[in-house]
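Student: Sharing a structure here in structure tokens format.
FYI, it's all coordinate maths here, none of it is from the lab. Model, not experiment: these values are computed from the prediction. Counting neighbours? That spans all protein chains shown, and the Cβs are built from the backbone with ideal geometry, glycine included.
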Amino acid sequence: MQTYILLPYIKRRQIPEEFHDDDNRTPESLIEYLIHQFTQPGDTVFDPFAGLGTTLLVAEEMDRIPFGIEADKDRFEYIRSQIEFKDNIILGDSRNLDEFQLPLIDFVFTSPIFMRSDEKKNPLSGFTENGTYQDYLNQLQIIFRKLRAFLKPEAKVIVEVFNLGATSTRPGTLLAWDVGRVLSQVLDFEKEIIACWQGTDYGDSPHIYGYNHSYCLMFNSK
Ligand SMILES: C[S@@+](CC[C@H](N)C(=O)[O-])C[C@H]1O[C@@H](n2cnc3c(N)ncnc32)[C@H](O)[C@@H]1O
């Protein structure tokens, strides 16, 4: 299997105006590619950071059964308004993943909320709690440790993440490396697939974080 893929950086779905300023969606093309590679119709597909629901919507379009958790009420309601399996999106905090009614899962695709190493508020709390970058990494690890209980033996878990380039005022953050390291302590790391974006929403400039590619880190249940 090819370990890099070239995909257009196009988000096909129109989203409500209120989300335009914080549109951190994954382009559908990447999720379609991965669902096609790693699942069969009827499989359960889960995203613990559902965002605006791209994973769930693509899964549903491809006749898979979508499940997701989203902490932001407006985003949760938007997803509910868009999917057929309305009860399969949960409003909640993935750090409590073990408390939710989830089925056994065939495939996980997710792009967690990111944190820069110099930030002081934990994004996993909706920026309401103080927390270091290390706290954030520890809590991500706990989420994926809890996830293990719901994974079918053959399930793949793919986490899309990228390193955050330095800016004129802020240091770079090796987020992809750090997430890979903490998750590989609770799941078996299998390999990475690099998604290379052709053209971005930002014209000819690189992706907002400094790159035209992202890492899809693939894990198996341990
Ligand atoms: C990068 S976005 C995901 C975008 C998604 N891949 C899409 O294409 O729509 C990350 C999402 O995680 C949500 N989030 C952050 N912390 C969370 C938590 N503790 N539990 C559940 N969702 C959380 C944020 O509200 C945000 O919508």
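Student: How far is the Cα center of the stretch 1-79 from the Cα center of the stretch 115-132, in Å?
Tutor: 24 Å
Student: To continue, here is another question. Report the semi-axes of the equivalent ellipsoid for the stretch 1-53 in whole Å, largest first, where each axis is √(5λ) for an eigenvalue λ of the Cα gyration tensor.
Tutor: Semi-axis lengths for the stretch 1-53 are 23, 16, 9 Å.
Student: If each residue's Cβ is checked for other Cβ atoms within 10 Å, how do Ile31, Ile113, Ile10 rank with the fewest at the top?
Tutor: Placing the least packed residue first, the sequence is Ile10, Ile113, Ile31.
Student: From Cα pairs below 8 angstrom and at least 6 apart in sequence, can you work out the relative contact order of the chain, rounded to a whole percent?
Tutor: 20 percent
Student: Follow-up. What are the residues whose amide H is under 5 Å from the amide H of Gly131, where those residues sit 5 or more places off or on another chain and H is modelled from the backbone?
Tutor: Amide H neighbours of Gly131: Lys121, Asn122.
Student: Follow-up. What's the magnitude of the charge dipole for the chain around its Cα centre, counting Lys and Arg as +1 and Asp and Glu as -1 at the beta-carbon? Answer in Debye, nearest 20.
Tutor: So the dipole magnitude of the chain works out to roughly 600 debye.
Student: For the chain, what does -39500 (n - 2.57) per DSSP helix run (n ≥ 4), summed and divided by total residues, give at 222 nm, in deg cm²/dmol to the nearest 500?
Tutor: It lands at -7000 deg cm²/dmol.
Student: Another question, then. What three numbers, in Å, describe the spread of the alpha carbons of the stretch 18-140 along their principal axes, ordered from the longest?
Tutor: 42, 31, 26
Student: On to the next question. When only alpha-carbon atoms are used, what values of Rg and Dmax, in angstrom, describe the chain?
Tutor: So, for the chain, Rg and Dmax equal 16.4, 48 Å respectively.
Student: Given Leu52, Gln37, Phe114, which one lies farthest toward the positive end of the charge dipole of the stretch 4-220, if we put +1 on the Cβ of every Lys and Arg and -1 on the Cβ of every Asp and Glu?
Tutor: The listed residue farthest towards the positive side: Phe114.
Student: Now for a separate question. In bins 5 Å wide, starting from 0, what share of all Cα pairs of the stretch 127-183 does each bin hold, as a percent?
Tutor: Result returned by the calculation: 4, 15, 21, 21, 19, 10, 5, 3, 1, 0.
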